[in-house]
Amino acid sequence: MRSPAWTEDELVLAGALVVKNSWRELRTGDREVQELSELLRALPLHGPEAHALAGFRSPDSVSRKTSDFATNYVPYQGKRTRCGEPTRLMIKAFSEREAEMLQAAQSIEDGIGTGELQLIPQQPDEIDEDGTTAIEGRLLVRRALARERDPRLRKLKIQQFRRGERPLQCEVCDFDFSHVYGSLGDGYIEVHHVTPLYISGTRETKLDDLACLCANCHRMCHRNRPGESWRTPDDLRDEIRKSGESGPH
């Protein structure tokens, strides 16, 4: 069995290591490489068969991946190593959104350090239809979806929304489930984190961190395109405005 391909979470961590080293590769003996090797082995992403491989995410393999990042970075002038499209997309993400990507890496490290990310089961819809997740990584998507499905938070958010004496409708497109589906849709809405959890971190979620969305807008907030992460409700409103379809759907 060959060592499995690097996941987005692993690439986020490797990319952060290179960026913090001024876009230079790191050697096998470097302390940071040794520590990242140990961290990657702790990620709940691969089965026992992979972990049993002698070279699985070894310091040598981590060092080689840092070479991929460093030599395929656009300003690099020397010979480039061969790397796959996921690595190139991650290089692009770090090049364009360095601060956000470093925060994403820190959020993954914090989640592993506290044990939180190891305990969250795989969530429905954490993998997009093209087989990928948001560029920040599968584990952060998993954590976001798990929190958004917390029935206690959903109930409290709906109560807060209704105290404002507004109809329970999508905050992006104004879709009202009860208006369309009658009593079947009464009281139904989905809840979404306004700020991606790789930015907000592991702090306690406040109701103002959440937005009430219809199923379509919720899915579109999480849907990614190459090199992009999920978007906020404000971002989605801008997308609708650009498309010229500003009414309910």
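The values are calculated or read from the model by the stated rules, or taken from the named source; none is laboratory data. The shown structure was predicted, so the numbers you read here are calculated from the model rather than taken from an experiment. Note that we place each Cβ from the backbone using ideal geometry, even for glycine, and neighbour counts take in every protein chain shown. These area figures cover heavy atoms from the full protein model, side chains too; ligands, DNA and RNA do not enter into them. Shrake-Rupley method; radii C 1.70, N 1.55, O 1.52, S 1.80 Å.
Take the residue pairs LYS155/LYS242; LYS155/LYS206; LYS20/LYS92; LYS65/LYS92 and return only those whose Cα atoms are more than 22 Å apart.
Flagged as over cut-off: LYS155/LYS242.
Pull out the extension gain between LEU207 and ALA42, defined as 0.36 nm times the separation in residues minus the alpha carbon to alpha carbon distance; nm, one decimal.
On the way: separation 165, 0.36 × 165 = 59.40 nm, distance 3.22 nm.
Between LEU207 and ALA42, full extension yields 56.2 nm more.
Only helical DSSP H runs with n ≥ 4 go in: add -39500 (n - 2.57) per run for the chain, normalise by residue count and round the 222 nm mean residue ellipticity to 500 deg cm²/dmol.
-15000 deg cm²/dmol
For a Förster distance of 25 Å, can you work out the FRET efficiency between the beta-carbons of VAL74 and SER22, rounded to the nearest 0.05? Can you show the working numbers first?
Working: r = 15 Å, r/R0 = 0.59.
Calculated transfer efficiency: 0.95.
Work the Kirkwood hydrodynamic radius out for the chain: mean of 1/r over every pair of different alpha-carbon atoms, inverted, in Å.
19.7 Å
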Averaged per residue, the 1.4 Å probe accessible area of segment 92-187, protein heavy atoms only, in Å², is roughly 53 Å²
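In segment 100-189, which trypsin sites (Lys or Arg not before Pro) are in a loop and have at most 14 other Cβ atoms within 10 Å, using DSSP for the loop call? Don't skip to the end; give the middle numbers.
Working: sites: ARG138, ARG142, ARG143, ARG147, ARG149, ARG152, ARG154, LYS155, LYS157, ARG162, ARG163; in loops: ARG149.
Listed in order of number, the matching sites are ARG149.
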HN-Hα couplings for segment 29-37 via Karplus (6.51, -1.76, 1.60; θ = phi - 60°), in whole Hz with x for Gly/Pro, come out as x, 5, 4, 5, 5, 4, 5, 5, 4
Among PRO86, GLY185, PRO233, pick out the residue whose Cα is farthest towards the positive end of the charge dipole of the chain, where Lys and Arg carry +1 and Asp and Glu carry -1 on C-beta, about the Cα centre.
PRO86
Calculate, for SER243 and SER3, the FRET efficiency according to 1/(1 + (r/R0)^6) with r their C-beta to C-beta distance and R0 41 Å; round to the nearest 0.05.
0.45
Accessible-area composition of the chain, carbon plus sulfur, in percent [1.4 Å probe]
49 percent
